[in-house]
2 protein chains.
Amino acid sequence: MIRRLPTLEDVAREAGVSRATVSRVINGVRNVDPDIQSAVRDAVARTGYSPNRAARSLVTRRAETIALVVSGAGEPEGEKGSFAARMLADPFFGRVAGGVIDFLRPRSMHPVLMFADSEATRAEVVAYLRQGSADGALVVSTHAEDPLPELLAEAALPCVLFARPARPVPVSYVDLAHADGGRLAAEHLLARGCRRLATVTGPLDVPAGQDRLAGFRDALARRGHPYIPIAEGGFTYDSGAAAMARLLAEHPQIDGVFVANDLMAQGACEVLREGGRRVPEDVAVVGFDDSSAALACRPTLTTVRQPMEEMAGTMAQLLQEHIEGARTEPTSVIFEPELVVRASA
Amino acid sequence: MIRRLPTLEDVAREAGVSRATVSRVINGVRNVDPDIQSAVRDAVARTGYSPNRAARSLVTRRAETIALVVSGAGEPEGEKGSFAARMLADPFFGRVAGGVIDFLRPRSMHPVLMFADSEATRAEVVAYLRQGSADGALVVSTHAEDPLPELLAEAALPCVLFARPARPVPVSYVDLAHADGGRLAAEHLLARGCRRLATVTGPLDVPAGQDRLAGFRDALARRGHPYIPIAEGGFTYDSGAAAMARLLAEHPQIDGVFVANDLMAQGACEVLREGGRRVPEDVAVVGFDDSSAALACRPTLTTVRQPMEEMAGTMAQLLQEHIEGARTEPTSVIFEPELVVRASA
DNA sequence: TTGAAAGCGCTAACAC
DNA sequence: GTGTTAGCGCTTTCAA
């Protein structure tokens, strides 16, 4: 019995052929005699061989690994925990990661999880890719002005973003037609009879926040509602609750509100309830994303669905094409949102 | 300008020294003249060199990567999405992953995320480690009778489990003194005056479910409460709601309930509210975990805190020791729970 | 269709 | 304290 792990050489000897032949069989290259093929396979089984990834990567120059990176600004470590912990607790990230993984798994690939929220950690991401530890990156930015996409683009490293960057950068991305989502929300609220509308927006320095608001406003303006009170939130539960409270204090007559994501909508519903408003009887609420928060919320949220798993899958697909060189130009793929009607509006 | 990435050779030439010397500087090996050190560093900066991971791994036999694997039984793909998506949405997993990442990050390591819920995917995990793609595995099992720990142990692959396996396996693990947690819950409920207690348990085929129940029962028995109605749940929101409904139907007089995790407690609170019970005035509720669900729940949950980030950090630490050979025998580290009093009890 | 041989970029003896 | 050299295990021309 050999004490080290079996190598190609061992298998070759066992099968009575050369290393090259074993390699061909393993990699499914044609032009190998069927008899020899099965002899090799037997030898592989007998020796319990499995190819050494490092050795293979060294010559193919492929890590067969991709990085899933969550990139944010360097926020203070709140009591909600580290950046990584906060992101992992966010249902939005969960759906994106799930979509990526479901695309990768059938291909026997597994993502490396990275969190970047400082210059040092961003540099680490770039270094990781440069040294060939991963072939490309899927990046989810949580903030406007995130410098990572540019760093990656400058280094000519394959990457695909989830959502359009705030400033133009020559990289591929997948995104949602956020404005259409805002319109959907406006039309639904109007259709159910709401007349005193307001909105809790996302951060107004990121495209998703801006576009959802723009679409909502635009649809309302076209129906004769030129002015809508707004309160800006930060896509978190707490910020949604706080924004709702402000709105309620200044405009107690509100009968319908569009909240730019589900997590904030959950916070808003809570504030509404504490303020003695029934949802949807007194105030109808429409959320955004259709994340797990939409179902966890009481009442369950009527929301604008973002097909995140699909978007994430496409993102991974695009990255693979870039890595393989099948696609060289930056590409964007935009998905359409869909209204999901539940109890809150 | 060279078109390929710079190699050690390039840096050596640039600095006028040998490859070995550059390697020494890069790896911080002593016995290098300070002048030469800085000359090398300059050359590294000038060439923009970064070491090729595959080449290094090939000779060091270290991937400098660990796998974070979530292992479950092959459940049908419910409408809640794939296995990966479900796990990612679970606040329990989020805290574990966050803890692992926070341990790894300062060490410039990044975990590879793997999900195993079938024989094929479990084999993939084993193969991944065997081929040296990762040096070890951190495994979180979601089910009793998970065969993965045994597979890993048999292959002598470094791994550490989160929670004691249902059947004894010679591997290291971190865990909580679950029974003590159950006791804490019982004492708190009794102390606040509850006399008609009940409990929603976790799955009774896993140690965590059994032990929490045993501790709860034990503490009550010692105080003269020999019989407690129970309803078994599956650690999910829905199962908690369903179990609570059963309990309420059969024992409408209940005035206090210990629910074996926060997610189920959230579901239980919802059922209680729908059933016209005020929490905690009519029925006090104590959860378990102190996950994000505890804060999201209305009222906020009084719960038994599991220091998961710390446990996860220790798990990663143990794995590193095993990988480095500093630790060879299976080890267990048990943490103590703590009661966190909030609004629900 | 198969084999021989040349590296991929790096580390680690070993020699100086 | 530094350089020389021998591989690590694999893929891939190039010949046969």
Confirm whether B:Cys297 is at pLDDT 95 or above and within 12 Å of another protein chain (Cβ to nearest Cβ).
no
Show the residue pairs that are 6+ apart or on different chains and have beta-carbon atoms under 9 Å apart, the first residue being within the stretch B:91-112 and more than 8 Å from chain A (Cβ to nearest Cβ) and basic (Lys, Arg), the second being assigned to a helix (DSSP H, G or I) and surrounded by fewer than 22 Cβ atoms within 10 Å (Cβ to Cβ).
B:Arg107/B:Gln320
Among A:Gly267, A:Gly287, the single one that is assigned to a helix (DSSP H, G or I) and surrounded by 24 or more Cβ atoms within 10 Å (Cβ to Cβ) is A:Gly267
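Tell me which residues, restricted to the stretch A:248-264, are more than 14 Å from A:Cys194 (Cβ to Cβ) and either assigned to a helix (DSSP H, G or I) or acidic (Asp, Glu) (or both).
Initial filter on the stretch A:248-264 (more than 14 Å from A:Cys194 (Cβ to Cβ)): A:248-250, A:252, A:260-264.
Listed by number, the residues that qualify are A:Leu248, A:Ala249, A:Glu250, A:Asp262, A:Leu263, A:Met264.
Would you confirm, using the coordinates I've provided, whether B:Arg107 is of a type outside the set (Phe, Trp, Tyr) and in contact with a helix residue (DSSP H, G or I) (Cβ under 6 Å, 6 or more places away or on another chain)?
Working: of a type outside the set (Phe, Trp, Tyr): yes; in contact with a helix residue (DSSP H, G or I) (Cβ under 6 Å, 6 or more places away or on another chain): no.
In short, no.
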For the structure I just gave you, tell me whether B:Glu124 is over 30 Å from B:Phe288 (Cβ atoms), surrounded by 14 or more Cβ atoms within 10 Å (Cβ to Cβ) and of a type in the set (Asp, Glu).
yes
Members of the stretch A:26-78 found to be within 23 Å of A:Ala116 (Cβ to Cβ), away from DNA strand C (no atom under 16 Å from the Cβ) and within 14 Å of chain B (Cβ to nearest Cβ), listed by number
A:Thr65, A:Ile66, A:Ala67, A:Leu68, A:Val69, A:Val70, A:Ser71, A:Gly72, A:Gly74, A:Glu77, A:Gly78
Meets criteria (under 30 Å from the mean Cα position of the chain (by Cα), buried (at least 16 other Cβ atoms within 10 Å of the Cβ) and either over 23 Å from A:Pro299 (Cα atoms) or of a type outside the set (Lys, Arg) (or both)) for B:Leu220
yes
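Every residue, every condition in (1) surrounded by 24 or more Cβ atoms within 10 Å (Cβ to Cβ); (2) in contact with a Lys or Arg (Cβ under 9 Å, 6 or more places away or on another chain), yes or no:
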{"residue": "B:Leu263", "(1), (2)": "yes, no"}
{"residue": "B:Arg273", "(1), (2)": "no, yes"}
{"residue": "B:Arg298", "(1), (2)": "no, yes"}
{"residue": "B:Arg305", "(1), (2)": "no, no"}
{"residue": "B:Met308", "(1), (2)": "yes, yes"}
{"residue": "B:Leu318", "(1), (2)": "yes, yes"}
{"residue": "B:Gly325", "(1), (2)": "no, no"}
{"residue": "B:Glu338", "(1), (2)": "no, yes"}
{"residue": "B:Val341", "(1), (2)": "no, no"}
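Please determine, by comparing only the residues of the stretch A:1-12 that are within 11 Å of DNA strand C (Cβ to nearest atom) and surrounded by 15 or more Cβ atoms within 10 Å (Cβ to Cβ), which one is farthest from the chain's Cα centre (by Cα).
A:Ala12
The values are calculated or read from the model by the stated rules, or taken from the named source; none is laboratory data. Keep in mind it's a predicted model, so treat the numbers as computed, not measured. Note: ideal-geometry Cβ built from the backbone for every residue, glycine included; neighbour counts use all protein chains shown.
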